[in-house]
Every structure is written in C-alpha cells, then in structure tokens.
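The structure appears right after this line, and notes come after that.
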Amino acid sequence: MSIVEKVRIAAEPVVQSLGLELWDVEYKKEGSEYFLRIIIDRPEGVWVSDCEEVSRKLDPIIDELDLIDHSFNFEVLSAGLVRELKKTEHINRFTGKDVSVSLFKVPEDFPVRTKKFDAIIVFANENSVIFEINGENFTVDRKIISKIKIDLV
C-alpha cells in the first residue's frame, strides 16, 4: 500500500469527524522538497480554521505512522474553487457542469483534434467518462485522461 493510501485511511475518519470531506491526499516532490498534502472540502466551503484544526489533529497521527523516512512539509489545504476531478464520485458530483479536459492522446474517432478541450460532464465510471461536446456525447477511456478541471468561480 502506498504512502498516499495509508495516509488516506488514517486521515478519512479524522476529517469526517470534523464535518469535512477528504477530497484528496498528495505526496510529491517539488524541487528539492517533499510535500504531504491533505486536501479537504465541504459544500459551504472551507475556512483557514478548518485547515488548522485538521492539521492539529492529523499531525501527531502522521508522525506516529512514520511512513516517510526523510523531511517533508505537511500541509492541509482547501480543494479550492479551481480543482482537479480525479475520483469517479467527484466527476459525477459535477454532472452537467463545464470542465476543461486534458488527454494524453487524442482518440482517432474523437470530434476534437486536440489534447485540451472544454466539455460538459455527462457521467463517469471507473473505466470511462462521457462528455458532451458540441451537443453530442462521447465516451473517453479514463486511461487517456490526463486531467479534468473545474472552475467553480
């Protein structure tokens, strides 16, 4: 099990107990530094105090797990108004909404001949996402989707 999955399992009940949703967990290297990020959300929005409270409660748990053998930065962030939709349930939450999509490659039968395009989410499952483009529905294999981003502003 990866560091991200172990942290997700430990963080989920803590975040939920505070009336928040665990949107995502990221562990990545940026430059010479490592970052472990807990990303939270709530329908009415997330306040700085929510991030602080999650951080206070999770910091000792993360330390006790002792999953990372080098120094890293621990951050708790709001999912924000512009966010990436990675999970199936996140994609389906925004059914009918406009999104920006980036693909690793363009399928041969695809109506848009570019890797980046705007579309409307119709439905997602674990294997594919159906987008509406110019009034027509197109199914895209999840394996070729690089990013789906939504701007809630």
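None of the figures in this text is laboratory data; all of them are computed from the coordinates on show. No experiment lies behind these values; they were computed from the predicted model shown. So basically every Cβ, Gly included, is an ideal-geometry build from the backbone, and we count neighbours across all protein chains shown.
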Legend entry - Among (i) 60; (ii) 48; (iii) 52, the entry that matches percent of Cα pairs over 21 Å apart as calculated here: (iii)
Legend entry - Nearest 10 degrees, 0 to 90: helix 48-65 Cα axis against the chain principal axis: 70
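Per DSSP H run of n ≥ 4, the term is -39500 (n - 2.57); total these for the chain, divide by its residue number, and report the mean residue ellipticity at 222 nm rounded to 500 deg cm²/dmol.
So the helix-based figure for the chain works out to -8000 deg cm²/dmol.
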Inset, instruction - Any chance you could list the semi-axes, whole Å, largest first, of the equivalent ellipsoid that the Cα gyration tensor gives for segment 88-151, using √(5λ)? - result: 16, 13, 11
Inset, instruction - Apply 1/(1 + (r/R0)^6) to the Cβ-Cβ distance of residue 147 and residue 73, taking R0 = 30 Å, and write down the FRET efficiency to the nearest 0.05. - result: 0.80
Inset, instruction - Specify the angular offset, from 0 to 90 degrees and rounded to the nearest 10, of the alpha carbon long axis of helix 3-17 from the longest principal axis of the alpha carbons in the chain. - result: 80
Inset, instruction - Label segment 3-80 by shape, choosing from rounded, prolate and oblate, from the square roots a ≥ b ≥ c of the eigenvalues of the Cα gyration tensor; if a/c is under 1.5 it is rounded, and otherwise prolate applies when a/b is larger than b/c, oblate when it is not. - result: prolate
Legend entry - Selection from 123, 17, 47, by position along the positive dipole direction of the chain (Cβ): 123
Legend entry - Dipole in debye (nearest 20) - the chain, about Cα centre, beta carbon charges: Lys, Arg +1; Asp, Glu -1: 540
Legend entry - Listed residues 65, 3, 81: farthest to the positive end of the dipole of segment 1-104 (Cβ charges): 81
Inset, instruction - Just grab the label-to-label distance for residue 139 and residue 110, each label 7 Å out from Cα along the Cβ direction, in nm (one decimal). - result: 1.7
Inset, instruction - Give, in nm to one decimal, the length gained when the segment between residue 98 and residue 6 is fully stretched (0.36 nm per residue of separation minus the Cα-Cα distance). - result: 29.8 nm
Inset, instruction - At 7 Å along the Cα-to-beta-carbon direction for both residue 32 and residue 17, put a label point, then send me their distance in nm to one decimal. - result: 3.8
Legend entry - Within a Gaussian network of the chain (alpha carbon springs, distance under 10 Å), most fluctuating of 102, 32, 71: 32
Inset, instruction - Could you list the chymotrypsin sites (Phe, Trp or Tyr not before Pro) in segment 78-148 that lie in coil according to DSSP, counting only those with at most 11 other Cβ atoms within 10 Å of their Cβ? - result: 104
